1. For the subset of the range 208-235 comprising residues that are of a type in the set (A, V, I, L, M, F, W, C) and in a helix (DSSP H, G or I), which member is surrounded by the fewest Cβ atoms within 10 Å (Cβ to Cβ)?
2. Would you point out which residue out of Phe279, Phe238, Phe305 is modelled with pLDDT under 95 and either in a strand (DSSP E or B) or of a type in the set (A, V, I, L, M, F, W, C) (or both)?
3. Read through the list (1) at pLDDT below 95; (2) assigned to a helix (DSSP H, G or I); (3) of a type in the set (Asp, Glu), then give the number of the only condition that Asp29 fails.
4. Is it fair to say Ala331 is hydrophobic (A, V, I, L, M, F, W, C), over 30 Å from Met42 (Cβ atoms) and part of a helix (DSSP H, G or I)?
5. Before we move on, is Ala74 modelled with pLDDT of 95 or more and in contact with a helix residue (DSSP H, G or I) (Cβ under 6 Å, 6 or more places away or on another chain)?
6. Given the criteria in contact with a Leu (Cβ under 6 Å, 6 or more places away or on another chain) and buried (at least 19 other Cβ atoms within 10 Å of the Cβ), does Leu284 qualify?
7. What pairs come out if I take residues in the range 288-313 that are over 15 Å from Ser274 (Cβ atoms) and in contact (Cβ under 8 Å) with a residue 24 or more places away in the chain and pair them with residues that are basic (Lys, Arg) and surrounded by fewer than 21 Cβ atoms within 10 Å (Cβ to Cβ) whose C-beta lies under 6 Å away, six or more apart or interchain?
8. Which residues, counting only those in the range 217-247, are within 17 Å of the chain's Cα centre (by Cα), under 21 Å from Val164 (Cα atoms) and of a type in the set (Val, Ile, Thr)?
Amino acid sequence: MTKLQQIDERLLQEKIAKIIHQMQHLKSDRDEANIPIGIISMNNWEWPQGVALFSLYQYYKESGKKDILEFLVAWFDRHLMEGTVPEKNINTMCPMLTLSYLVEETGRDDFKQLCVEWVEYVMNELPRTEEGGFQHIVSGHANEGELWDDTLYMTVLFTARMGVLLNHEDYIQESVRQFLVHLKYLTDPATGLFFHGWSFVDRSHYAGALWGRGNAWYTAGLVEYLDMVELPEGVSSFLLGALERQVKKLAELQAESGLWHTLLTDPSTYEETSATAAFAYGILKAVRLGYLPEPYAIIGWKAAFGVLDQIDENGTVGGVSYGTGLGRDLAYYHNIPICPMPYGQSMTLLMLVECLKH
């Protein structure tokens with residue numbers, strides 16, 4: 001019997017409810033005046049909020065709780081009414097993934113038209129790197145010629161989803177190209193892990209960081225991607241082969257606590273919860289769906305136990321690193337501060353819901 005099975009289901013549901021409450025009401029106690037965005041409060045529109053919205057939508061689909069759906073619709077309505085929808089870029093694209101599903105839930109044409117507008121930007125206006133990769137342009141930074149592993153989760157999933165929603169095969173094929181181009185330039189051939197980024201300008205991986213959460217965007221993102229689209233067997237086999245090689249290496253690097261370090265191969269960096277929760281979610285879901293062999297589940301369970309230990313009595317997930325840009329030296333990753341974040345809450349939510357399915 002696992003630790004999760006020993007927890008009364010009612011108590012586990014209470015824990016989930018607290019995690020959601022904390023996610024919806026996070027407030028920044030940090031000075032974010034020196035950055036062009038706010039990434040903690042759910043009142044803002046950026047990638048952390050986008051990740052949180054998508055986890056809430058998935059929880060709504062599992063639970064059927066209408067108050068969650070109402071929260072999601074109200075979140076977008078508020079931004080539309082207040083005129084606070086931001087400029088389009090890789091990271092501000094992330095909330096659009098959830099909105100694409102709300103199109104089907106609500107039948108609202110204004111939601112659909114906004115999704116169409118944003119995906120057309122992706123296809124026709126978003127800056128590209130060499131070989132057609134999505135340049136990781138974000139609020140305040142163009143990041144010319146740069147590929148980041150974050151992009152797959154923040155924008156490529158939405159592109160694929162819109163291909164399905166609108167029956168546009170070219171959108172789906174574009175998403176395939178993005179996965180392949182990113183894996184080509186970000187995969188570390190020695191470990192099977194992924195570098196945080198690649199620059200076509202500098203012809204380098206900058207610090208050569210094998211960053212935990214960046215790797216987790218692939219682990220958690222791939223299982224979502226395969227839920228959305230039907231891929232040729234050769235493509236899906238390639239992507240799943242990359243996943244299995246990644247997970248094999250993760251098994252070697254997992255700390256005794258069940259967590260992984262901020263830099264996966266550097267045990268002197270602190271253990272980080274959001275990456276661990278995303279790894280646990282992706283691994284356990286991949287095992288359940290037959291993408292990974294059953295023995296890999298033990299890695300996911302060990303990670304889940306570690307994340308459980310990071311949830312306080314109020315439902316706040318601890319040990320989560322703040323937003324992390326592409327560092328030019330490894331010391332940068334050592335010094336990323338720790339604070340509660342929407343993606344820490346949301347990846348833990350997804351993990352717990354996935355655990356209940358096992």
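1. Filtering first and then ranking leaves Val235.
2. Exactly one residue qualifies, and that residue is Phe305.
3. (2)
4. yes
5. Taking the combined requirement at face value, the residue does not satisfy it.
6. Judged against the criteria, Leu284 is not a match.
7. Final answer for the pair search is Phe305/Lys3.
8. The one that is within 17 Å of the chain's Cα centre (by Cα), under 21 Å from Val164 (Cα atoms) and of a type in the set (Val, Ile, Thr): Val223.
The values are calculated or read from the model by the stated rules, or taken from the named source; none is laboratory data. Owing to the predicted nature of the structure, the values given are computational and were not obtained by experimental measurement. No Cβ is skipped: glycine too gets one built from the backbone with ideal geometry, and neighbour counts run over all protein chains shown.
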